[in-house]
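The values are calculated or read from the model by the stated rules, or taken from the named source; none is laboratory data. On a predicted model such as this, the values are computed, not experimentally measured, just so you know. Heads up, the Cβs are rebuilt from the backbone with ideal geometry, glycines too, and the neighbour counts pull from every protein chain shown. Only protein heavy atoms, including side chains, enter the accessible area calculation; ligands, DNA and RNA are left aside. Shrake-Rupley method; radii C 1.70, N 1.55, O 1.52, S 1.80 Å.
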Amino acid sequence: MFTSVIDSTASLLARGYAWLPGLQERAGEGPVVTRLMGRRTVVLDGPGSVEFFYDEQHVRREGALPGPVLDTLIGRGAVHTLDGGGHRVRKDMFVSLLMAEGGIAALTERFVARWPRAVAGWQGREVVLFDEVAAVLAGAVCDWVGLPLSEGAARSVGEDCVAMVDGFATPGPRHWKARRARARQERALRRVVTELRTAAPAPSGGRPRSVLTAVAWHRDADGRLLDPRTAAVELLNIIRPTVALSWFAVFAAHALHSAPVHRDRLRGDDGTYARAFAHEVRRFYPFAPFIGGLAARDLRWRDVPVPEGSLVLLDLYGRNHDPEVWPKPCDFDPCRFMGREPPSNDLVPQGGGDVRTGHRCPGEDIAVGLLTAIVGALADLDCDVPEQDLTIPLHRMPTRPRSGFVLAHARTAV
Ligand code: MYR
């Protein structure tokens with residue numbers, strides 16, 4: 001076991017993805033016990049950790065996310081901050097919207113329709129793939145939500161969503177940019193919700209006409225409509241994570257560039273290899289290192305006391321690289337997913353647990369579906385990759401290839 005009484009927050013912010021593996025190395029076989037933001041913190045890893053963390057009797061969400069994360073990434077009053085009955089009713093709304101039959105296909109079709117137009121617009125200039133994918137995803141998801149936008153407006157929404165994700169875990173200018181981006185988008189969506197409610201009566205029964213209508217007229221566990229700001233927060237909790245797939249898109253481009261052999265296989269593919277590739281991108285590359293909550297009561301984890309109110313972290317990156325679960329975890333090998341969908345608590349890049357009753361991300365199927373389409377689109381792209389810095393710095397959270405992946409002379413192969 002590694003126990004530190006010295007607060008480790010500054011070390012986490014400085015070391016990024018290397019912070020937890022560093023403590024784990026010092027801890028040997030036992031759990032890491034440290035302090036973050038002044039709180040006793042116990043890290044769960046290894047067998048049983050995902051199941052332990054997602055047991056509602058063990059970990060609660062209320063009060064777990066610090067203000068700087070709420071005011072940038074997640075939003076105040078979001079589903080992520082609820083427990084028990086309040087969580088279940090709000091979560092049902094997300095599940096019914098994000099996992100509805102045909103919903104993922106409809107969103108993916110919007111991305112696929114926009115992609116060739118975007119590529120055509122890159123003629124004669126270098127582009128940063130990360131920025132371009134964010135703009136296409138923003139246009140696709142806003143349209144799908146029921147908020148069709150011009151290309152320019154979609155690009156701005158994409159930039160704001162990227163800023164929220166990019167700046168939530170970092171003090172300084174990136175953080176203030178994230179706060180401004182959230183405030184701007186919350187304001188705009190609050191207005192949309194208020195206008196929609198004023199313009200027409202609540203839809204009576206049946207399937208709502210759009211995601212926007214469903215969120216605007218959603219009633220929480222207390223039977224009340226969400227206040228317009230919370231409705232805006234939850235709309236952003238659909239739009240922003242979709243745009244955040246740009247991180248996985250550049251990781252996919254990085255993987256294709258590092259091993260071009262995958263491209264040939266993807267070009268002759270019926271989608272099966274692209275899906276396996278998408279799963280492997282989500283497993284292999286560093287995105288969310290861990291997830292946190294508060295001990296709901298006095299607990300013990302592998303003989304270590306976890307007093308009520310302690311911060312409990314679940315090591316997501318460690319789970320995705322556990323050699324007991326993933327042989328040769330540091331090899332990028334999509335074949336490990338050929339012909340099989342991963343057991344849900346083995347592959348946890350977006351968290352684990354049960355999607356309907358627990359805190360598992362309800363957008364995970366969307367992420368896999370869209371990333372599969374993105375992988376196919378990238379494999380079909382003929383382009384030059386100019387000299388650039390493609391290193392992935394581990395101290396930066398969230399990280400990505402430094403250059404954002406610059407392309408030149410791009411065109412879709414016929
Ligand atoms: C979303 O928009 O909800 C998806 C984005 C999740 C962000 C995950 C990036 C993790 C990087 C840092 C963790 C730092 C903990 C202080």
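Counting heavy atoms of the protein chains alone, Phe52 has an accessible area of about 30 Å² for a 1.4 Å probe. Within the chain, the whole DSSP H helices whose Cα atoms reach 15 Å or more along their own axis and whose mean Kyte-Doolittle score is at least 0.0 are 103-120, 129-145, 151-167, 228-243, 245-258, 364-379. Please report the carbon-and-sulfur percent of the accessible area for the chain; probe 1.4 Å, protein heavy atoms only, DNA, RNA and ligands left out. Summing carbon and sulfur atoms, their accessible area is 54 percent of the total for the chain. Fully extending the segment from Arg265 to Ala120 would add 49.7 nm, taking 0.36 nm per residue of separation and subtracting the current Cα-Cα distance. Converting phi to 3J(HN,Hα) with the Karplus coefficients 6.51, -1.76 and 1.60 and the offset θ = phi - 60°, the stretch 391-396 yields 5, 10, x, 7, 7, 8 Hz in sequence order, with x at every glycine or proline. In the stretch 266-363, if the dipole is taken from +1 on Lys/Arg beta carbons and -1 on Asp/Glu beta carbons about the Cα centre, which of Pro286, Gly268, Trp301 is farthest to the positive end? It is Gly268. Over the chain, accessible surface divided per residue gives 43 Å², non-protein components excluded, 1.4 Å probe. Think of the stretch 315-383 as having a plus end and a minus end, set by charges on the Cβ of Lys, Arg, Asp and Glu; of Val375, Gly358, Phe332, Gly358 sits farthest toward the positive end of this dipole. Pop a pseudo-label 7 angstrom from the Cα along the beta-carbon direction at both Glu62 and Ala14 and give the gap in nm to one decimal. A separation of 3.7 nm, rounded to one decimal place.
For the stretch 156-286, the Cβ-based charge dipole about the Cα centre amounts to some 300 debye (Lys, Arg positive; Asp, Glu negative; other atoms uncharged).
Rg of the Cα atoms in the stretch 2-412, relative to 2.2 N^0.38 Å, amounts to 0.97. Annotation for the stretch 1-71: GluC sites (Glu not before Pro) lying in DSSP loop with at most 13 further Cβ atoms inside 10 Å of their Cβ are Glu29. In the stretch 2-412, taking the dipole from charged Cβ atoms about the Cα centre, the farthest positive-side position among Gln185, Leu314, Leu98 is held by Gln185.
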